[in-house]
Amino acid sequence: MSAINWQWLLIISSGVVLFLLSPLAKTTEQFFKATHNKKSPNTLVLMGSLVISWIFAKSITNAANLGLSFGLVGGVAYAGYYLSFAVAGVVLYKIRVEGKFNSIHNFLTSKFGKGAMALFSVLIAIRLFNEVWSNTMVIGSYFGDIGSSSYYWAIIIFTLLTLAYAIKGGLSSSIFTDVIQMVLFGILLIIILWNIFSVKDFTINKVLHSGTWSFELGLNLFFAALIQSFSYPFHDPVLTDRAFISSPKVTRKSFLLASLLGALCIILFSLIGVFAQEQGLSGQAAVEVGQFFGIIVLLVINFIMITSAASTLDSTFSSFSKLLVIDLGAVNDLTFGRASMAVIAILGTLPVFLDAEILSATTISGTMVIGLTPVFLFWKKNVPKVSFFLSVATGIIFGFLLIFESFPNNLIFTSGNYADLLWVNIWGIFCCIIVYLIPSWIKK
């Protein structure tokens, strides 16, 4: 049987199996909070769900490609984003325990008003919209060239199969299947690493010396990732929704463990790119390495992509449903919640049929949400409501400066790849903090 036939078998069979195994949510507690028999997810389940929902198809593709471009440094740099879990775990623990808030929307409405909550909802809705097409396009690329019929059919079938089990159980399905997908990811990653380290002359020593620890060759991205980790997690409902379903202590522990495990998984997956670099391969690292070893490893890598993309996609559907039904209080009804999943699946898939380059400027990047940094780090500080809008607007402005390459070069003090990303974020967060605090200074 050819590789493409095996790929179709993988995508269809995995979707059907997950649908059959997924629990059927009969109450809003089960559908939106993953509660069963009055029990919430424990530490290990929540940790696994967090990690696999963030190890999405796009991220592991990026990790492998960064390993190809910069060696081990590239993987470590990208893993810097997983500090987000630790930051969110600590901050949201305090918001729940000390602030007595039961959601981010509750916190923003109480502190900054309904306008702030509405603006925040728009930001996360755009992120969820982008999560759909950006992950399914990666899946499509394994089945055919962009624009081919096999490319489009793979995306449509994969989206429908994932939507089916997400509709069945909501967040319960998402977290339950996350555990299965995390175990599969671990096993499949071990198989890939076993293969690449079985190649003569590819050793741990070569991995450790595969890159240069300089700003020009990876550290710009590393420090930018660390800086963005103080704002990035708060605009991702896939992550933050999981911060309010278990007890505060279980949640904090799960987030801290997920920070370490997630970073480790990304670094290990980036070794695929390091191997590609050592072998002189070019192109998309994961695909090239899969083809280097033959059909079995190619299918393993393909299955990892399917697994990771599905975990993110089902979480995206669940988060969008919760946003409308619980956070915005549209219609507190399971039928409406399930219907909203279908809506985001359709809307999020439409961009696949457009030129992807058109979409790059509309993506809410990590830079565009740096205005959330003071909002959550200084959540206790008493500031006027306008502070939220000033900070968020400033972050969006800096995001557009980065997208349109309009940031002054004389304010960039390192060189090489991602230098502009690093310094736009440094100056941007500094300005966001200042404009956030100015109204309270004037008030005094």
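The set of residues in the stretch 397-444 being surrounded by fewer than 19 Cβ atoms within 10 Å (Cβ to Cβ), out of contact with any Phe, Trp or Tyr (no Cβ under 8 Å at 6 or more places or on another chain), over 16 Å from F230 (Cβ atoms) and of a type in the set (V, I, T) consists of I397, I403, I438, I442. On the stretch given as the stretch 164-212, residues that are under 22 Å from I245 (Cα atoms) and either of a type outside the set (V, I, T) or not in a helix (DSSP H, G or I) (or both) total 13.
Scan the stretch 104-126 for residues that are under 19 Å from F244 (Cα atoms) and at pLDDT 95 or above and jot them down. Across the stretch 104-126, the qualifying residues are I104, H105, N106, F107, L108, T109, S110, K111, M117, F120, S121.
Scanning the stretch 218-254 for residues that are assigned to a loop (DSSP other than H, G, I, E, B) and either surrounded by fewer than 22 Cβ atoms within 10 Å (Cβ to Cβ) or of a type in the set (D, E) (or both) yields a count of 6.
Residues in the stretch 337-355 that are touching a helix residue (DSSP H, G or I) at 6+ places or on another chain (Cβ under 6 Å) and closer than 23 Å to T28 by Cβ: 6 in all. Within the stretch 106-135, residues that are more than 30 Å from I157 (Cα to Cα) reach partners that are β-branched (V, I, T) and surrounded by 20 or more Cβ atoms within 10 Å (Cβ to Cβ) with beta carbons closer than 6 Å, at six or more positions or on different chains, in the pairs F107/I95.
Of the residues in the stretch 2-23, how many are in a loop (DSSP other than H, G, I, E, B), surrounded by fewer than 13 Cβ atoms within 10 Å (Cβ to Cβ) and either touching a helix residue (DSSP H, G or I) at 6+ places or on another chain (Cβ under 8 Å) or modelled with pLDDT of 90 or more (or both)?
Taking the stretch 2-23 first, the residues in a loop (DSSP other than H, G, I, E, B) are 2, 22-23.
Imposing the further condition that a residue be surrounded by fewer than 13 Cβ atoms within 10 Å (Cβ to Cβ) reduces the set to 2.
Restricting the remaining residues to those that are either touching a helix residue (DSSP H, G or I) at 6+ places or on another chain (Cβ under 8 Å) or modelled with pLDDT of 90 or more (or both) gives none.
Count: 0.
Here's a check for you: in the stretch 56-108, which residue that is among the polar types (S, T, N, Q) and more than 25 Å from K322 (Cα to Cα) is farthest from the chain's Cα centre (by Cα)? Quick ask: steps written out before the conclusion?
At the first step, the residues of the stretch 56-108 found to be among the polar types (S, T, N, Q) are 59, 61-62, 65, 69, 84, 102-103, 106.
Among the residues that remain, those that are also more than 25 Å from K322 (Cα to Cα) are: 61-62, 65, 69.
Values: T61: 12, N62: 12, N65: 17, S69: 21 Å.
Filtering the stretch 56-108 for residues that are among the polar types (S, T, N, Q) and more than 25 Å from K322 (Cα to Cα), the one farthest from the chain's Cα centre (by Cα) comes out as S69.
Any residue that is assigned to a loop (DSSP other than H, G, I, E, B) and at pLDDT 95 or above - is there at least one of those in the stretch 364-373? Checking the stretch 364-373: at least one residue is assigned to a loop (DSSP other than H, G, I, E, B) and at pLDDT 95 or above.
Return yes when L281 is surrounded by fewer than 21 Cβ atoms within 10 Å (Cβ to Cβ) and in a helix (DSSP H, G or I) and no when it is not.
Values: surrounded by fewer than 21 Cβ atoms within 10 Å (Cβ to Cβ): yes; in a helix (DSSP H, G or I): no.
Answer is no for this residue.
Return yes when K111 is over 13 Å from the mean Cα position of the chain (by Cα), outside any helix (DSSP H, G or I) and basic (K, R) and no when it is not.
Numbers: over 13 Å from the mean Cα position of the chain (by Cα): yes; outside any helix (DSSP H, G or I): no; basic (K, R): yes.
In short, no.
The residue list S415, S440, S391 contains one member that is within 22 Å of F107 (Cα to Cα), of a type in the set (S, T, Y), touching a helix residue (DSSP H, G or I) at 6+ places or on another chain (Cβ under 6 Å) and touching a residue at least 40 places away in the same chain (Cβ under 8 Å), which is S391.
Looking for something out of contact with any helix residue (DSSP H, G or I) (no Cβ under 7 Å at 6 or more places or on another chain) and either charged (D, E, K, R) or surrounded by fewer than 21 Cβ atoms within 10 Å (Cβ to Cβ) (or both) - is there at least one such residue anywhere in the stretch 266-274? Full working, then the answer.
Initially, the stretch 266-274 is screened for residues out of contact with any helix residue (DSSP H, G or I) (no Cβ under 7 Å at 6 or more places or on another chain), giving none.
No, there is no match, as no residue in the stretch 266-274 is out of contact with any helix residue (DSSP H, G or I) (no Cβ under 7 Å at 6 or more places or on another chain) and either charged (D, E, K, R) or surrounded by fewer than 21 Cβ atoms within 10 Å (Cβ to Cβ) (or both).
Here the condition is being closer than 21 Å to P233 by Cβ and assigned by TED's automatic domain parsing to the domain that holds L239; of V122, V138, it holds for V122 alone.
Pairing each residue of the stretch 181-207 that is of a type in the set (K, R) with any residue that is loosely packed, with under 13 Cβ neighbours inside 10 Å and outside any loop (DSSP other than H, G, I, E, B), provided the two are 6+ apart or on different chains, yields no C-beta distance under 9 Å.
A quick yes/no check of all residues on (1) buried (at least 24 other Cβ atoms within 10 Å of the Cβ); (2) under 24 Å from E288 (Cα atoms); (3) outside the structural domain of S308 (by TED's automatic domain parsing):
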site	(1), (2), (3)
P41	yes, no, no
V45	no, no, no
L50	yes, no, no
S69	no, yes, no
L92	yes, no, no
V97	no, no, no
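In the stretch 24-39, the qualifying residues are those that are assigned to a helix (DSSP H, G or I) and charged (D, E, K, R), and the one that is surrounded by the most Cβ atoms within 10 Å (Cβ to Cβ) is K33.
Answer yes or no as to whether F215 is touching a Ser or Thr at 6+ places or on another chain (Cβ under 8 Å) and crowded, with 17+ Cβ neighbours inside 10 Å. Criteria met by F215.
Only one of the listed residues (F320, F388) is modelled with pLDDT of 95 or more and in contact with a Ser or Thr (Cβ under 8 Å, 6 or more places away or on another chain). That residue is F320. Starting from residues that are more than 17 Å from the chain's Cα centre (by Cα) and farther than 19 Å from S321 by Cα, keep the ones in the stretch 114-142 and report whichever is surrounded by the fewest Cβ atoms within 10 Å (Cβ to Cβ). For the stretch 114-142, the residue satisfying everything is K114. Would you say A286 is assigned by TED's automatic domain parsing to the domain that holds I196, at pLDDT below 95, surrounded by 18 or more Cβ atoms within 10 Å (Cβ to Cβ) and closer than 25 Å to T136 by Cβ? Yes; evaluated as a whole, the condition is true for this residue.
The values are calculated or read from the model by the stated rules, or taken from the named source; none is laboratory data. Since the model is a prediction, treat every value here as computed from it, not as a measurement. Here the Cβ is made from the backbone with ideal geometry for all residues, glycine too, and neighbour counts use every protein chain on show.
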